[in-house]
Amino acid sequence: TQRLLFFDFRNGVAPISKTCYELAHGYLSFHQTLAGQLKGRIEKPLQKHGGRLEHNETYCGSCFGAEATDDTCCNSCDEVREAYRKKGWALSDPESIDQCKREGYVQKLKDEEGEGCNVHGFLEVNKVAGNFHFVPGQSFHQSGFQFGDLIFFQQGNYNISHKVNRLAFGDFFPGVVNPLDGYKLLSLPTHYTLLLSSYPLKHSLGSLSVQWNQEKQNGVYQYFVKVVPSIYTDVHGHTIQSNQFSVTEHFQKMEAGRMQSPPGVFFYYDLTPIKVIFEEQHVEFLHFLTNVCAIVGGIFTVSGIVDSFIYHGQRAIKKKMEIGKFN
């Protein structure tokens, strides 16, 4: 079975990374079925579970030890989880939290089996090395380290297959090629992998697209991106400051008892110390005519050399034949 992946953008610049809600609101997230159909993003108050809407205005729910002050109230499961996140605690047993139990938090996770996420948007980061990643669950920080709240995301019950529809570091300009656009990576069980193992990696045969497939469902997919600052200037003098990038990939299997990153898709980016400048130049007619004459002159010169070589070769052969020395 598969579970919904809660995509969590991270900025590797700050000592304590901020979530995408704090960095930028320019993104959209949609639920997606296994067949690729978008289901939209649906929020429900869940009154039928006895949620906060049934309480009066004076109700103040407990944060279960995560209160910032004596007056802090947690009237929903999300507020309890947020309070735990700020404390750097993991919410290991939602069923023991009254708000989560009333709202059916565990049942919501079960109802989302077989779904994925489709994320579209942008993320602003500083011009230094960093990373952003997509991991199941929610992240929190404690003592300068990042941890993942992977409750209910146990071994084998989620799949991190993914497709990069488009990834760009900057605005589009003519001629730019983003190597990850349209890239698919399928994480399949072993018996599915064997069916495709005879094809080269990332090979395409007509309409058949074969991707890199891993035998294990859980693992860390890492993309190491080298970003090259680029400036494009068209014939009208309009300038676009953007970036190009190259990428290498690495897969790390999950091993029991070993301290490593949580399963997910990680993009590590770094800027190169060079800059590429593209300039479109309008060719004047006189310059064009000069180039044409140079090409025509070159053709005549080469033709003359070939003709002279053939002519003198024939004469030499004819003389040898006349004196009987040509065998």
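Which of the residues belonging to segment 86-129 are assigned to a helix (DSSP H, G or I) and either of a type in the set (Gly, Ala, Ser) or touching a residue at least 60 places away in the same chain (Cβ under 8 Å) (or both)?
Of all residues in segment 86-129, those assigned to a helix (DSSP H, G or I) come to 86-87, 94-96, 98-103, 105-111.
Of everything in segment 86-129, those that are assigned to a helix (DSSP H, G or I) and either of a type in the set (Gly, Ala, Ser) or touching a residue at least 60 places away in the same chain (Cβ under 8 Å) (or both) turn out to be Ser96, Leu109.
Here's the yes/no breakdown for (1) more than 30 Å from Gly170 (Cβ to Cβ); (2) at pLDDT below 80; (3) surrounded by 12 or more Cβ atoms within 10 Å (Cβ to Cβ):
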| residue | (1), (2), (3) |
| --- | --- |
| Asn56 | yes, yes, no |
| Cys73 | yes, no, yes |
| Glu82 | yes, no, yes |
| Gly88 | yes, yes, yes |
| Asp93 | yes, yes, no |
| Cys100 | yes, no, yes |
| Glu103 | yes, no, yes |
| Pro136 | no, yes, yes |
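Quickly run through segment 278-312 and pick out the residues that are in contact (Cβ under 8 Å) with a residue 12 or more places away in the chain and hydrophobic (A, V, I, L, M, F, W, C). Before you say what the answer is, go through the steps one by one.
Within segment 278-312, the subset in contact (Cβ under 8 Å) with a residue 12 or more places away in the chain is 278-282.
Matches in segment 278-312: Phe278 only.
The values are calculated or read from the model by the stated rules, or taken from the named source; none is laboratory data. As the structure is a computational prediction, the values presented were derived from the model and not from experiment. In this analysis, Cβ positions are derived from the backbone assuming ideal geometry, glycine residues included, and neighbour counts consider all displayed protein chains.
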